[in-house]
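Okay, so here's the structure we're looking at.
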Amino acid sequence: MVPYGRLEGVLRVVKRDHQRVVALLASLVTQADPILRWEIFDDLRRTLNAHARAERAAFYPLFDSDRLLPSALKADDEHSVIAAITDELAATRPFAASWYELSKQLREQVELHFASEEGALFEAAHTLLPATTLRRVGDQMLQVRRELAPDVTLLTGI
């Protein structure tokens, strides 16, 4: 795994997105107030959607001709699983008994997804791509996110 201090460009953008999502998930599963839980979930859902679409547009294409294409495709497929759980949560009342179990399931799925991305994909991108490419793709990813979710707090500093 690439040390955080050595991440730049798109890798730093993806990592910071991951950190924001993990923080939102932690708040979601521990929040007792259903109204606040719904507000956290709404922010989480928009953040996850913008993040997934930005990764599809900017990050995963980096691996289109690499031996890691199957890993990138698997990571992209994981977004569909996460979206399905998110849709189920959106259709569930935040005070329902199933809310907690669904939010735990979402958290587990997201953490597995992040671990797979931050492993082989980060290492390959860091090792194989020049810093200029990483920065350019990071800028692209930020632009896609700004277009998709202008009201979601963006973590910058690529």
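Estimated from helices alone, the mean residue ellipticity of the chain at 222 nm is -23500 deg cm²/dmol (sum of -39500 (n - 2.57) over DSSP H runs with n ≥ 4, per residue). Translational D (Stokes-Einstein, µm²/s) of region 2-60 at 10 °C and 1.306 mPa s when Rh comes from the Kirkwood sum over C-alpha pairs? Estimated via Stokes-Einstein, D reaches 127 µm²/s.
Across the chain, the mean sequence separation of Cα contacts (distance under 8 Å, 6 or more residues apart), normalised by length, yields a relative contact order of 47 percent. At a 10 Å Cβ-Cβ cut-off, how would you order Leu68, Leu73, Leu106, fewest neighbours first? Going from least to most buried by this count: Leu73, Leu68, Leu106. For the pair region 93-149 / region 1-66, the C-alpha centres are spaced 4 Å from each other. Axis angle, to the nearest 10 degrees, between helix 131-148 and the longest C-alpha principal axis of the chain: 30 degrees. As a size descriptor, the averaged projected area of the C-alpha convex hull of the chain was calculated at 8.7 nm².
Here Glu118, Glu123, Glu55 are placed in order of increasing Cβ neighbour count within 10 Å, fewest first, which gives Glu123, Glu118, Glu55. The angle separating the long axis of helix 34-54 from the principal Cα axis of greatest extent in the chain is about 20 degrees. Counting neighbouring beta carbons within 10 Å and listing from fewest to most, the residues His51, His126 come out as His126, His51.
Every number here is computed from the coordinates shown, using simple stated rules; none is lab data. In this text the structure is predicted, and so the values were computed from the model without any measurement. Here the Cβ is made from the backbone with ideal geometry for all residues, glycine too, and neighbour counts use every protein chain on show.
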